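Before any comments, here is the structure.
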Amino acid sequence: MNIPFTKMHGLGNDFIVIDGVSRDISISPERIRELAHRRFGIGFDQLLLVEPPSQDDVDFNYRIFNVDGGEVEHCGNGARCFARFVRDKGLTDKNPVRVKTSNRILVLDMDEQGNVAVDMGLPVFVPAKIPLLAKEQALNYRRTLQVAGESIDVEFSALSMGNPHAVIKVEDLDKTAVKDIGEALGKHPDFPEGVNVGFMEIIDRQHLKLRVFERGTGETLACGTGACAAVVSARRAGLLDNEAEVQLRGGSLSIHWDGDDQPVMMTGPTASVFEGTVEI
């Protein structure tokens, strides 16, 4: 069956978005892996599937698949592209739009310039809910990793933004072994579902630089949930004000968090790149 898709990106974090409202869509993990290949397929960081709502208080279901074919819980940059897609395709004229992921409900609000603000919900710090195997909740955790044949101790904060994140504060982002450390911590057995690993460099109380090594994908040009996790982590450590600009390799996101028991708000741009059809 041939189906239409739209190639989109949020700060270089790229996706194909598929309308599963107008027709039933089922794509195997093997086919997703083929389509994700950047030389032999379309190439993308995630495949986003728009589905009809599964409950009365939402407008759509939002499903996310990584390049390895596995389904994941949340993607902030993808959520912004999702909001633009459903409006561009005439699937809704609502603004904001409420969408359900596998574990939370997101509120997506698009302005006239195409920027989308996303209520990312509450960060979760309880280890069992991240999930992280730890005896008790802490501001920071330490684990020993094998990196390039050597044992190193790494300190990180851990939280869930609808998906698991570990955030490491570094002094010089450009000199950090993002891939090696990201892979090692991402596969640590104390993260039973894997983890997205963020590396943040604090510039001042309103700015930070960030690189994220995403589980099932590798390093991407931008990560919305990772930007939220980094700001939350830095705020809890007293390093940032309640609103900060996060500079990623693909551009910048604005993140606002007023502290415990408050949702994280993320605002950033989206872009449509091209459209096509593909056989599934």
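Each part gets one Cα centre, and for segment 224-242 versus segment 1-66 those centres are 29 Å apart. Helix 224-236 axis versus longest C-alpha principal axis of the chain: approximately 30°, rounded to the nearest ten. Going from the fewest other Cβ atoms within 10 Å to the most, the residues MET161, MET1 appear in the order MET1, MET161. Footprinting exposure proxy ranking of SER157, SER233, fewest other C-beta atoms within 10 angstrom first, gives SER157, SER233.
Size descriptors for segment 145-197 (Cα atoms only): Rg and Dmax, in that order, 11.1, 33 Å.
Counting only other residues whose beta carbon sits under 15 Å from that of GLY186, what net charge do I get with K and R as +1, D and E as -1?
Here the count lands on -2.
Of the cross-linked pairs LYS187/LYS209; LYS100/LYS187; LYS7/LYS169; LYS7/LYS100; LYS135/LYS175, which ones have a Cα-Cα span greater than 30 Å in the structure shown?
Values: LYS187/LYS209 24 Å; LYS100/LYS187 28 Å; LYS7/LYS169 33 Å; LYS7/LYS100 22 Å; LYS135/LYS175 32 Å.
Violating the 30 Å limit, Cα to Cα: LYS7/LYS169; LYS135/LYS175.
In nm, what is the difference between 0.36 nm times the number of residues separating ASP153 and SER26 and their Cα-Cα distance? Gain in length upon complete extension: 41.4 nm.
Across segment 150-192, the residues whose backbone nitrogen lies under 12 Å from the label position 7 Å along the beta-carbon direction of ALA134 are 155-160, 165-168, 191.
For ARG39 and MET1, the FRET efficiency from 1/(1 + (r/R0)^6), where r spans their Cβ atoms and R0 equals 22 Å, is about 0.35. Among PHE82, PHE15, PHE191, PHE40, the ranking by other beta carbons within 10 Å of each residue's beta carbon, starting with the fewest, stands as PHE40, PHE191, PHE15, PHE82. Computed over the Cα atoms of the chain, the ratio of the radius of gyration to the Kirkwood radius (Rg/Rh) comes to 0.96.
Bear in mind that the values in this text are calculations on the coordinates, not laboratory data. This structure is a prediction, so every number in the text was calculated from the model and none was measured. Positions of Cβ are generated from backbone atoms using ideal geometry, with glycine treated the same way; all protein chains shown enter the neighbour counts.
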